[in-house]
Amino acid sequence: MAKKIIISFFILIYVLGQAANLQAQDKQELDSTWNDWNFRISPFFWLIGFEGTIYRPPSLTNYPEPPPRYEIDVGFKDIKNSIKFALMLAGKFQSKHMVAQFNFSSLILESEAITPLELVLQDNIVRLNYFGGDVGIGYRAIKRPKIEFEPILGLKFVAFKIGLSTNALGNIQVNGERSKTWVDPVVGANVIYRPIKKLEFWGYGDIGPAWINNQYTYQVMASANYRFTKLFLLSIGYRYYSVEFPKKEAIYNGIIKGWVIRCSFQF
């Protein structure tokens, strides 16, 4: 009798162990279906702010040269009423081993400016155009259910244009404008951590190209993403973008930063 009880006990342990193993496998397969996508499209809005220096604002014909630089420190609440245009979009493709991604944002600000010539010049309007982003290709070096790591190689592009229009003596229209575009190689990485099925934490950083001309740009982005369904997720995060170019060519050097609100569709 005792022998039969012992054998029955071990059989029961084996059956329970197999059931637990199958349940764990089913759970892992169920969780993996939430990550079984190839394309992700993400419209977003960046609550952008600027902290840095504008170099050599556009000069006006037959008028004194403006100061060689302006220091600015404005947050989104300071410039939100000056936004004339904004378009921001990101996307990602992933296969079994590779990833490709892009991120771009465009912003046009237009506001009145008070200048040292305000007694002569009236209706001063400053227009600042910003267009920037990055594209990259990477390798899915780590792709576990809870954590992923993807080194990235790519290009980063930044374009600034600043213009000034004003009325001289109230009836003569005067304009000035400067623009500059940079395209640089970058190295970066994505890090993704999923503590539970519906929640993931994502971080991205890149830098380049300090090894070329001792001038470099870098950025760091981080967000928390909540998956409402397998096809839709909502994110909130923060982006910190530093640009530093040779002063003889730069229009703006400094920090571009702010909170990011993003919705994503994946399939």
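Net charge in the neighbourhood of Asp206 (other residues with Cβ under 13 Å of its Cβ; Lys, Arg +1, Asp, Glu -1) is -1.
Ser95 sits among other residues whose Cβ lies under 14 Å from its own Cβ, and their net charge, with Lys and Arg +1 and Asp and Glu -1, is +2. Straight-line reach from Lys84: taking Cα to Cα under 24 Å and skipping same-chain neighbours fewer than 8 places apart, the lysines in range are Lys161, Lys180, Lys257. Other residues whose C-beta falls under 11 angstrom from the C-beta of Phe104 contribute a net charge of 0, scoring Lys and Arg +1 and Asp and Glu -1. Of the residues Thr53, Thr181, Thr229, Thr217, the one with the fewest other Cβ atoms within 10 Å heads the list, and the complete ranking is Thr229, Thr181, Thr53, Thr217. Exposure proxy ranking for Val183, Val74, based on other Cβ atoms within 10 angstrom of each Cβ and starting from the fewest, stands as Val183, Val74. Among the listed pairs Lys77/Lys156; Lys146/Lys230; Lys143/Lys197; Lys143/Lys230, those whose Cα-Cα separation exceeds 24 Å are Lys77/Lys156. If the chain linking Asp78 and Ser179 were pulled fully straight, counting 0.36 nm for each residue of separation and taking away their Cα-Cα distance, it would gain 34.0 nm. If you average the alpha carbon positions of the stretch 126-163 and of the stretch 34-53, how far apart do those two centres end up, in angstrom? Cα centroid of the stretch 126-163 versus Cα centroid of the stretch 34-53: 10 Å apart. Sequence-ordered 3J(HN,Hα) estimates for the stretch 85-98 from the Karplus curve with 6.51, -1.76 and 1.60 and θ = phi - 60° stand at 7, 8, 9, 9, 8, 9, x, 8, 10, 9, 10, 5, 10, 10 Hz, glycine and proline given as x.
We did not get these values from a lab; they are worked out from the coordinates using the rules stated. Not measured: the values here are computed from a predicted model. When we count neighbours, we look across all protein chains shown, and the Cβ atoms used for this are built from the backbone with ideal geometry, even at glycine.
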